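The structure appears below as structure tokens.
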Amino acid sequence: MMHAPPAPILLYVTNPMCAWCYGFTPVVRRLHALWHGRLKVKVCFGDVQATAAEPLSRQEKGSMAVSWHRVQEEAYLPFDFRFFTRADFVYNTEPACRALLCVRLLRPVLTLEVLRAFHSAFYADGLDLKDTAVLVHLVGLFGIRENLFLALFESDEIMRQLEEEFDYVDELGADTFPSLFLQTKQGFEKLADGYVPLHNLEQRLLQALAQTKT
């Protein structure tokens, strides 16, 4: 009896509070849908200001605003620019990354969808993803019970695993978010280093898969 070859695996390195990731996640979701059953996507989280403790400076806000406008123009997604009127916002992505790691452990098939919801909550709705109540509400929309989520979210074990994930992303060489890798026999081959439109990404994937067969 012949068995079909295993579906190729894409590793999507992202962050829930990364503007270009907000733009790129719909591309990854669309690619995954188009290749339904022929492609697996694993989501991995990288360190973006995970230890930040000071409010954003005026200069940092200015740089972020430029990026937000560029993503809006490229990906046609909504942004709540009232964010930049906040005087004391600490841009720390660790709680959101930890929450999504919990989701990946509890409901792995939902990871990409919950990531999309986190992106929209922060960029379009202006919600603070450092607020545990906000995180509980968002994961609850996907049927994850509050007590189950909080038991894991507040554990020392999940914090340790998140640190290991950040280290793994560093070792992988994913120094730009978003990044996308194809798993091959030789390891992980980078397909995208930053935002890439769907058509271009699919062409890169097809070329990379063709090369793995030669």
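Can you grab the distance from the C-alpha centre of segment 144-172 to the C-alpha centre of segment 81-108, Å, no decimals?
Rounded to whole Å, the Cα centres lie 13 Å apart.
Assuming 0.36 nm per residue, please report the length gained on full extension of the stretch Leu148 to Glu202 beyond their Cα-Cα distance.
Values: separation 54, 0.36 × 54 = 19.44 nm, distance 3.75 nm.
Extra length from Leu148 to Glu202 when fully extended: 15.7 nm.
Under 1.5 on a/c is rounded, so check that first for segment 37-120, then, if it is not, pick prolate when a/b is larger than b/c and oblate when it is not; a ≥ b ≥ c are the square roots of the alpha carbon gyration tensor eigenvalues.
Working: a/c = 2.63, a/b = 1.53, b/c = 1.73.
Here segment 37-120 falls in the oblate category.
Given the Cα-Cα distance of Arg116 and Ala52 and 0.36 nm per residue of separation, how much length would full extension add, in nm?
Values: separation 64, 0.36 × 64 = 23.04 nm, distance 2.31 nm.
Going from the current span to full extension adds 20.7 nm.
Quote the relative contact order of the chain in percent (integer), defining contacts as alpha-carbon pairs under 8 Å separated by 6+ residues. Display every interim value, and only then the final one.
Working: 275 pairs, mean separation 61.9, N = 214.
So the answer I get is 29 percent.
Return the distance in nm (one decimal) between the two label points of a simple spin-label model at Thr132 and Glu164, each offset 7 Å from Cα along Cα→Cβ.
In this crude label model, Thr132 to Glu164 measures out at 2.4 nm.
Name every cysteine in the chain that ends up alone, with no second cysteine's Cβ under 4.7 Å, or say none.
That list is Cys44, Cys97, Cys102.
Can you tell me the 0 to 90 degree angle between the C-alpha axis of helix 19-34 and the longest principal axis of the chain, rounded to 10?
The angle comes out at about 30 degrees.
Please identify every one of the GluC sites (Glu not before Pro) in segment 59-128 that sits in a loop by DSSP and has no more than 14 other beta carbons within 10 Å of its own beta carbon. Please report the intermediate quantities before stating the final value.
Numbers: sites: Glu60, Glu73, Glu74, Glu113; in loops: none.
Those that pass, being in a loop and sparsely packed, number zero.
Less than 20 Å apart at the alpha-carbon level, and either on another chain or at least 8 residues along: which aspartates and glutamates does that give for Lys40?
Glu113, Glu165, Glu189, Asp193, Glu202
Here, each number is a calculation from the coordinates, and none is a lab measurement. Not measured: the values here are computed from a predicted model. Neighbour counts are summed over all protein chains in view; Cβ atoms, including those assigned to glycine, are modelled from backbone coordinates with ideal geometry.
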